[in-house]
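Let me begin by presenting the structure, written as structure tokens, before commenting on it.
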Amino acid sequence: MKKLIKASLAALCSAMLLTNAVLPAVSAAEADEELVFPSGITLEDLDFLLDFYENDIDMAEDKWGATAIGFFHGDEVLCTDYFAYSDAEQQVKADERSVFEWGEVSELLVWVSAMQLWEQGSLDLEGDIREYLPDGFFRRLAFDEPITMLDLMNGTAGWQKVVRPIWTTDAEAIRPLGEELRAAEPKQVCRPGEAAVDSMYSAAVAAYIIECITGQDYCAYVHEHILEPLGMEHTSVNAAHTDNEWVCQQRRKMRTYESGASLIDKGSCLSYLTLYPAGSAVSTLNDLITFAQALISDNLPLFGSPAAQTELFEATSFYGESDIPLCAHGLHCNEYTVRTYGLDGATAASHARVLIDPVSKLGFAVMIEQSDTNNHYFNDFSEWCFGTLSPKKYGKGAESARLSGYYLPSSLPRSGMLRIIGFLSAAKAERFEPLSRIGSGVYQRTYDTETMYGLLQENRESKKRLIDSTHFNAEDEGAMLIGEKALSGGGTEAVISSPMSSVPEHAVRDRFYIAELCLFTAYVLLAVASVYLMFMRRKLKKHGRLKKYSGSALLGAGQTAWLVSVLLMFATYVIFVNSGTMTFSVSAVIGMSQLICTAVCCLAAVAAVIGLVRVKSGKLHYAANMVCNIIAVAAVVCFEMYNFWNI
């Protein structure tokens, strides 16, 4: 069960004996002082909660994939625990030998490496990164402003989400990092230093900069300067896990599950990230905890001076124009009862989370072998440890406020033929109400904490019983922070925090959303009209009543093009949503087909105009065709459905 660290207990006993011998006047109250988490819970409460989730909530091994969770205080590991099966079919229980993929938590290795080089004077965090890269390395930059290492850390370099495939099942297909970066380079859609868009590509670029500065392979650098000094013998960093044979073998034994009405075995889900520094690390729970502890250790195992360690936790971006930090040199800042720093990571096989409070030096790490996050250990213990952000913390004297408009997720493409994906995922700002303004460009949304306990009444009652059974400092209301800032060009970015995730959601306001929505609706209706008109033509022709118009063949081709264009748009949506990527060949076929449809619609519109001018009868017919073809062309152009080369 709980792997309470014997060495820590022995050290504690020794310290108590020494204290009694040297300072016999120490009071009993001081000697019995107990560690308390920021949420108010004690270690006894923590044991109770772990036991409850294992034994009283539908039995963990039947509900979730392998789960590993651990808690630490400075250099001391308080406890680690393992639940469910690494392989349910073979009844292999999760234990200290189980390995998990870090996902984006791997980026912490990149940012620590960068801070080490900064401390040595080899890297300027505010200088143009192109000074460290080969000439002409980037080919798709849209702005002249320099991109800095801080931009990479904050995710504000301006690149949109990488849409070309960066995961492969063929380890032999993985090229050197520099080549993979050039092949996957996305379009730059924002001015550097403004909206946070992409982090994965940015982290991989930062790792390549480390290679360029040191002349050393990134994986080799991490082993030499991070893993080996910390004794992390059960961690792999490179794409195919070949830098650690033991981890490589353990990873191939791993099974991934999806939680639902019944546990679904997804297989090994073994694939390789070509931009590997951004998400390929694999390790045991103990190694991840060791790394997290090193970030706050007084022994400074990763840095040469306290100043570098302190700098790591200094804010580099903020909510709106306030002084509430959003990011600190690549670590996301999360507001609970206290401010924490950490990252979430996800792959097709695993999810991982690390959260640290550098003031109290308390932290925890959780890793699950699940393709989803429906896991109480993963979702609940952030709040159990660090408490709930109270509206009172920042809301004193706050005034009611409103946000308006529609926001498109920054995590989705914003340029090229995949722009339609973000458009169809827009959120109305009013969904975040009620809001109160707590600073310049920063708001908070209050919520009834019971709504976070689950939709089912039995889940809410269960959570209440847990709160009543522990020293958890429950709040009737919680708060979520929302930042807003103006972008050059008249845009607006919003940042939304959530108590369920350590990664805030970024979105950019679409000022013309309503007009675009009307255009999109009319465009989709064209497909319905096309099917109806084809059916009617066939029926009239069958009865010999089909009336010929001047240019009717071209007009009929235009009507068919409406349908084909809409079907291509939906095909684009389905392909991307199901796979998260789109190959160049597929996008080229769809994009060129859209260009052909657009050309046909243009010709049909011209034919309709000619008919409207020259033919005396049927003017309504020609006018309707002209308008419909213009709508089709306008929609394809507005949503860049033809643009396969610029995604």
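The values are calculated or read from the model by the stated rules, or taken from the named source; none is laboratory data. If you're wondering where the values come from, they're calculated on a predicted model, not measured in any experiment. Using ideal geometry, Cβ is built from the backbone for each residue, glycine included, and neighbour counts are taken over all protein chains shown. When the accessible area is computed, the model is the full protein with side chains, heavy atoms only, and any ligands, DNA or RNA have been set aside. Shrake-Rupley method; radii C 1.70, N 1.55, O 1.52, S 1.80 Å.
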Region 70-211: Rg/Rh from Cα coordinates, Kirkwood Rh? 1.07
Full-stretch length increase - N473, T168 - with 0.36 nm per residue and alpha-carbon distance subtracted: 105.2 nm
For region 127-271, what are the per-bin percents of Cα-Cα distances with bins 5 Å wide, up to the bin holding the maximum? 2, 9, 15, 18, 16, 15, 12, 8, 4, 1, 0
Is region 349-409 rounded, prolate or oblate when judged by the Cα gyration tensor, a ≥ b ≥ c being the square roots of its eigenvalues, rounded requiring a/c under 1.5 and prolate requiring a/b larger than b/c? oblate
Give a residue-ordered list of calculated ³J(HN,Hα) values for region 102-116 (Karplus: 6.51 cos²θ - 1.76 cosθ + 1.60, θ = phi - 60°; whole Hz; x for Gly, Pro). 7, x, 5, 4, 4, 4, 4, 5, 5, 5, 5, 4, 5, 5, 5
Descending packing, highest mean Cβ count within 10 Å first, for 423-436, 336-349 is 336-349, 423-436
Across the alpha-carbon set of region 170-218, Rg over Rh with Rh taken as the Kirkwood radius works out to 1.03
Taking the Cα atoms only, what angle lies between the long axis of helix 584-614 and the longest principal axis of the chain, rounded to 10 degrees? 30
Please list, or write none, the lysines whose alpha carbon is within less than 18 Å of the alpha carbon of K616, excluding same-chain residues fewer than 8 places away. K547, K548
Ranked by accessible surface with a 1.4 Å probe, highest first, in what order do K548, K485, K266 come? K548, K266, K485
Global form of the chain, assessed from the alpha-carbon gyration tensor, a/c cut-off 1.5: prolate
Would you mind estimating how fast region 482-636 diffuses translationally, via Stokes-Einstein at 25 °C and 0.890 mPa s with the Kirkwood radius over Cα pairs, in µm²/s? 133
Using Cα atoms only, what is the angle between the long axis of helix 513-542 and the major principal axis of the chain, expressed in degrees (0 to 90) to the nearest 10? 50
At q = 0.11, 0.12, 0.13 Å⁻¹, what is the log10 ratio I(q)/I(0) for region 206-354, with the Debye formula run over Cα points and no solvent? -0.53, -0.63, -0.73
Just to be sure I understand the curve: with the Debye formula and one point per C-alpha of region 465-516, what is log10 I(q)/I(0) at q = 0.21, 0.28, 0.31 Å⁻¹? -0.87, -1.06, -1.12
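Summing Lys, Arg as +1 and Asp, Glu as -1, what charge do residues with Cβ under 12 Å from the Cβ of Y132 carry, Y132 excluded?
Spelling it out: positives minus negatives among the neighbours equals -4.
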Environment charge of L273, counting only residues whose C-beta is closer than 10 Å and scoring Lys/Arg +1, Asp/Glu -1: -2
For Y85, residues with placed amide H under 5 Å, excluding near neighbours: A66, A94
Rounded percent of accessible protein surface that carbon and sulfur make up, the chain, 1.4 Å probe: 55
Hey, any idea what the orientation-averaged projected area of the convex hull of region 250-310's Cα atoms comes to, in nm²? 6.7
Packing rank of 93-99, 598-604, where each peptide gets the mean count of other beta carbons within 10 Å, highest leading: 598-604, 93-99
What does the C-alpha gyration tensor say about the overall shape of region 270-425? Classify as rounded when a/c is under 1.5, otherwise prolate if a/b is larger than b/c, or oblate. oblate
Over 22 Å between C-alpha atoms is what I'm after, so list which of K396/K464; K93/K253; K63/K463; K161/K253; K428/K463 land there. K396/K464; K161/K253; K428/K463
Where the only charges are on Cβ atoms (+1 Lys, Arg; -1 Asp, Glu), what is the dipole of the chain about its Cα centre, to the nearest 20 debye? 5700
Local net charge near Y208, Cβ-Cβ under 13 Å (Lys/Arg +1, Asp/Glu -1): -2
Per residue solvent-accessible surface (Å²) - region 456-533, probe of 1.4 Å: 51
Mind checking the full-extension length gain between L270 and L612? Use 0.36 nm per residue of separation minus the Cα-Cα distance, one decimal, nm. 117.0 nm
Selected from S122, W111, L133, residue furthest toward positive end of dipole (region 40-188; charges at beta carbon): L133
Accessible area in the full protein assembly, largest first, 1.4 Å probe, for L263, L595, L331: L595, L263, L331
With Cα coordinates, the longest principal axis of the chain makes an angle with the long axis of helix 200-214, in degrees rounded to 10, of 60
Would you work out which of L389, P434, H621 lies farthest towards the positive end of the dipole of the chain, given +1 charges on the beta-carbon of Lys and Arg and -1 on that of Asp and Glu, about the Cα centre? H621
Given q = 0.16, 0.30, 0.31 Å⁻¹, what are the Debye log10 I(q)/I(0) values for region 604-647, with equal point scatterers placed on the Cα positions and solvent ignored? -0.49, -0.94, -0.98
Simple Cβ-charge dipole of region 223-334, Lys/Arg +1 and Asp/Glu -1, about Cα centre, in debye nearest 20: 640
Quick one: grab Rg to one decimal and Dmax as a whole number for region 563-647, Cα atoms only, in Å. 15.6, 52
